[in-house]
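Have a look at the structure below, then the notes.
Read-outs: derived from the displayed coordinates by stated rules, not from any lab. Every value quoted in this text rests on a predicted model; they were computed, and no experiment measured them. Cβ coordinates were reconstructed from backbone atoms using ideal geometry, including for glycine residues, and neighbour counts include every protein chain displayed.
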Amino acid sequence: MADPLPDAPTETETAAARLLEAQVAWVVDGLVGARTPDALAADVDLLLDLGAHLTLADVADPDVVADVVCRILVTVPPSPRATAVATTLGSAVAMGPESTFTLAEVVRRERVEDLARRLLARVDVLESALDRATRSPQATRLAGTFVGRLVGEVVQANRAVAEKIPGVGSLVSFGARAGGRVLGAAEGHLESLLGDTTGKGAALAARRLNKVVADTLRDPAALEAVLELYDLYATTPLPPATPPDRASDPDALVELADLLHVVVAEAAAAAPVHEVVRSTVHAVLAAHGDVPLDRLLAELGLDRDALVAHAGALLPPLAAAAHRAGRLEDLVRRRLAPFYASSAVAEILGSRDPGSGRPPG
């Protein structure tokens, strides 16, 4: 027995289907047609008008925002695509940019001065960190070794210079022959004191090294040295031309990029990082939550013209690509079809007199 034929659509269903197709065509034309720029501008105006009556706190719950950011940190950095991007970046860095530029083109001298002045004003933070580092036996041993070698190099350099001065050289030679045992014992004692990796000598050397570093950075000449270095390299082309035999190893840079990606991915999923994210989100929304959205966008440099320009640059190509793939109409139709199949639309269309085109009565 043959399957029964489906019921023919009613006049109401036919009218609803025609309205659906008409609206689909109208929406698609607004996305890819000639009126797209005007439609986008009108939409931006409507959103800005709405934003004048809403604040950041009205639309952004700090707990929800923090949860979204933390979820992104957990899922995005360790994803395969993020790994591929890190590898690509490593390869791009190995290849280098096609053109050179100068440091002065990207960093202004007054900004370097301001930054250096602020950092040098907080040498106490560095000094405290260095002092805490002396609790590490390995760091202390390394500092002691450094100071011992530095002192040894200074002694050898002074001796070499002195031996080249007429009269002084013979005196140094005489002193070295006559008092070699005493001088050798003194130098041995000095190296033993500074190089003692298990006793108080290394700790003393580390603390002295910390003080030398801190006092050097507190010297007013430190700021002048920073600016002098900037002036020295401000007009030097970056990156400099590298001979082929000294070019960067692409594989090494890719491996470094992969390692840094792993570090970032593991850190992004750590609980302390999420605590920082949550506290930061709450602090930002507490400080700016009462600002109207339109004013907030304007203060961020996103005024009406900028928003229209960005929307015009981003949305039409996306809609056009979907239209070429034959997906745009289907997407709009699926979004609108439930409305035209609803009982509300059927009631509206069924209440009209088909003969006159007017409601009965």
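Other residues lying with their Cβ under 14 Å from the Cβ of ARG71 contribute a combined charge of -1, Lys and Arg counting +1, Asp and Glu -1. Just the Cα atoms of the range 283-348, one point each, no solvent: what log10 I(q)/I(0) does Debye give at q = 0.13, 0.22, 0.30 Å⁻¹? Per q value, in the given order, log10 I(q)/I(0) is -0.71, -0.87, -1.17. Dipole check for the range 12-66: with +1 at the C-beta of Lys and Arg, -1 at the C-beta of Asp and Glu, and the Cα centre as origin, the magnitude is about 260 Debye.
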